[in-house]
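Notes follow the structure.
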Amino acid sequence: MPADLQNFFAPPRHLVFVILALWLGQILANRSCGKRGVPAGQLENLVMASLLAGILGGRLTYALLHLEAFLADPLGLVSLNLELFSPWGGLACGFLVGWIFSSRKSLPPWDILDSLTPFLAVLAIGVGLSHLASGLAFGAPTSLPWGIEQWGTIRHPSQAYETLAAASVLALFWRQFARTERPGLLFLRFAAWTCGLSLFLAAFRGDSALLQSGLRLEQIAAWAGLVLSMLGIHLRAANKPVEGRGRHDA
Amino acid sequence: MQLRTRTKILPIVLLAAGLAWIFLSADRSGTLAGGRPPAPQEGFPAPDFTLATTTGREVTLSELRGQVALVNFWATWCPPCRSEMAAIQEVYDRYMERGFVVLAVNATRQDTLSSIAPFTDEFGLTFPIPLDVSGAVERLYEVKSLPTSFFIDAAGVIREVVIGGPMSEALLQSIVEGLLE
């Protein structure tokens with residue numbers, strides 16, 4: 001990325017890519033969810049509720065984990081500091097609220113996941129671009145000719161790999177977004193591709209969390225995701241629809 | 001029949017290949033964990049510098065090894081820098097005795113020397129204020145906006161970078177507490 005452009009999108013402005021991806025992803029998801037029996041309005045509400053819960057939950061979890069600091073400065077709860085955020089707490093709260101919302105509105109879970117697939121595919125590109133702009137998720141040292149100078153060393157352009165992989169997955173699934181088949185298969189195939197590519201590309205990352213043996217935690221998590229999604233594909237594909245029941249019960 | 005067998009075998013082959021890749025690409029030599037050059041980024045050793053402070057004393061970052069340090073870049077004209085100074089002083093007073101130090105590096109190249117003393121008096125700042133007259137340390141730390149803060153652990157490794165501000169007291173305390181533990 002040229003230096004001027006990189007300065008323009010320097011942190012915290014790199015998050016603009018994530019916000020843009022959330023917006024574009026939602027538009028794309030709205031276009032195909034109707035065919036799956038999920039009203040666009042309900043999908044929008046679900047995403048908004050989950051995002052809000054994720055943001056609030058992330059902040060509250062951080063506060064609970066650092067209770068003493070927030071008792072000394074209660075106004076810190078409404079501070080604009082993005083660092084006061086627990087990603088795992090945010091994810092857990094977002095999932096929980098999304099699950100409660102879809103259960104209360106009787107939205108079919110597999111169709112919801114299929115409808116959210118375009119959203120997730122665009123979001124993955126946004127996250128890759130934000131890493132590219134901020135220099136986060138940097139690569140391992142390399143002597144390959146396409147290496148980039150970062151943090152004092154020539155490194156794999158791992159953020160570019162990540163963005164290209166996400167764009168390739170979006171291109172691969174583009175035609176399938178509008179197609180309806182057994183509910184859940186679209187999402188599970190997308191998850192399998194994403195986990196498989198993450199497993200491969202994590203090997204070129206320079207900031208991986210390592211186990212004592214040198215194994216990368218991200219790769220292990222991606223492999224577990226791959227196992228689960230492949231198992232899911234197998235089970236969903238083998239599950240024949242029952243005569244006389246709606247497709248959502250299949 | 002052949003297709004059925006292939007669809008059963010393919011996932012197993014893929015998963016086995018994935019496992020093999022995890023073991024093949026493991027970082028056994030420790031190149032990722034250690035041997036990083038100094039850089040203004042989380043997980044990297046903090047670039048060293050020596051600057052003269054407002055009192056005329058020289059301060060060198062590497063000499064503070066063994067203590068948790070906050071290197072905060074600021075200027076008197078910058079509103080968020082003004083807003084966070086009281087909180088930095090508060091947290092400094094609270095944790096100074098446990099080995100927390102603050103180097104509030106003034107971006108003197110884009111500030112006026114005469115306005116620094118009234119500023120430090122106004123907030124009653126007691127930590128060292130190094131003067132980056134040439135802007136060399138700002139460039140070394142790739143500071144793109146003020147304030148920018150680097151939290152450095154006792155081993156001299158940057159653990160948190162906060163770009164922009166003002167930092168709340170809760171943020172300062174939670175990071176410093178974590179690094180002192």
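For region A:156-184, a residue qualifies if it is modelled with pLDDT under 95 and of a type in the set (D, E, K, R), and the qualifying residues are A:Arg175, A:Arg179, A:Glu181, A:Arg182.
Select from region B:90-148 the residues that are of a type outside the set (S, T, N, Q), part of a loop (DSSP other than H, G, I, E, B) and open to solvent by 20 Å² or more (accessible area, probe 1.4 Å) and list them in ascending order.
Kept after step one, since they are of a type outside the set (S, T, N, Q), are these residues of region B:90-148: B:90-105, B:107, B:109, B:111, B:113, B:116-119, B:121-125, B:127-133, B:135-144, B:146-147.
Right, trim to part of a loop (DSSP other than H, G, I, E, B) and you get B:99, B:107, B:111, B:124-125, B:127-129, B:132-133, B:135, B:141-144, B:146-147.
Those that are of a type outside the set (S, T, N, Q), part of a loop (DSSP other than H, G, I, E, B) and open to solvent by 20 Å² or more (accessible area, probe 1.4 Å): B:Asp111, B:Gly124, B:Leu125, B:Pro128, B:Val133, B:Glu142, B:Val143, B:Lys144, B:Leu146.
Taking only region A:164-177 into account, find how many residues are open to solvent by 20 Å² or more (accessible area, probe 1.4 Å) and either among the aromatic types (Phe, Trp, Tyr) or within 25 Å of A:Phe138 (Cβ to Cβ) (or both).
Adding up the residues that qualify gives 5.
Per the conditions (1) buried (at least 21 other Cβ atoms within 10 Å of the Cβ); (2) over 18 Å from the mean Cα position of the chain (by Cα); (3) of a type in the set (S, T, N, Q), the sole criterion not satisfied by A:Thr180 is (1).
Out of A:Ala53, A:Ala49, A:Ala29, A:Ala63, one residue alone is touching a Gly at 6+ places or on another chain (Cβ under 6 Å) and among the small types (Gly, Ala, Ser). It is A:Ala53.
Considering the conditions (1) within 13 Å of chain A (Cβ to nearest Cβ); (2) crowded, with 16+ Cβ neighbours inside 10 Å, B:Leu180 is excluded by exactly one of them, (2). Scanning region B:48-60 for residues being touching a Ser or Thr at 6+ places or on another chain (Cβ under 8 Å) and surrounded by 15 or more Cβ atoms within 10 Å (Cβ to Cβ) gives a total of 3. Of all residues in region B:132-174, those satisfying the criterion of being aliphatic (A, V, I, L, M) and farther than 26 Å from B:Gly35 by Cβ are B:Val133, B:Leu146, B:Val162, B:Ile163, B:Met167, B:Ala170, B:Leu171, B:Leu172.
Only residues that are free of Cβ contacts under 8 Å to residues at least 40 places away in the same chain and under 16 Å from the mean Cα position of the chain (by Cα) were counted across region B:107-153, and they come to 3.
Entry remark, region B:155-175: residues being buried (at least 22 other Cβ atoms within 10 Å of the Cβ), facing chain A (nearest Cβ under 7 Å) and touching a residue at least 40 places away in the same chain (Cβ under 8 Å) number 4 in total. The single condition among (1) open to solvent by less than 30 Å² (accessible area, probe 1.4 Å); (2) assigned to a helix (DSSP H, G or I); (3) not β-branched (Val, Ile, Thr) that A:Ala10 does not meet is (2).
A:Ala202 passes every criterion in (1) within 10 Å of chain B (Cβ to nearest Cβ); (2) out of contact with any Lys or Arg (no Cβ under 6 Å at 6 or more places or on another chain) apart from (2). Among the residues of region A:66-98, those identified as more than 8 Å from every other protein chain (Cβ to nearest Cβ), crowded, with 19+ Cβ neighbours inside 10 Å and not aliphatic (A, V, I, L, M) are A:Ser86, A:Gly89, A:Gly90, A:Cys93, A:Gly94, A:Gly98. Only residues that are open to solvent by 60 Å² or more (accessible area, probe 1.4 Å) and among the charged types (D, E, K, R): list them for region A:99-143, please. Those that are open to solvent by 60 Å² or more (accessible area, probe 1.4 Å) and among the charged types (D, E, K, R): A:Arg104, A:Lys105. Every listed requirement among (1) out of contact with any Gly (no Cβ under 8 Å at 6 or more places or on another chain); (2) free of Cβ contacts under 8 Å to residues at least 12 places away in the same chain is met by B:Pro38 save one, (1). Among the conditions (1) open to solvent by less than 10 Å² (accessible area, probe 1.4 Å); (2) within 27 Å of A:Pro74 (Cβ to Cβ), the only one that B:Val71 does not satisfy is (2).
The values are calculated or read from the model by the stated rules, or taken from the named source; none is laboratory data. Treat the numbers as computed from the prediction; the structure is a model and nothing was measured. Cβ atoms come from the backbone with ideal geometry, glycine included; neighbour counts cover every protein chain shown. Ligands, DNA and RNA are stripped out before the accessible areas are found, and what is left, the full protein with its side chains, is counted by its heavy atoms. Shrake-Rupley method; radii C 1.70, N 1.55, O 1.52, S 1.80 Å.
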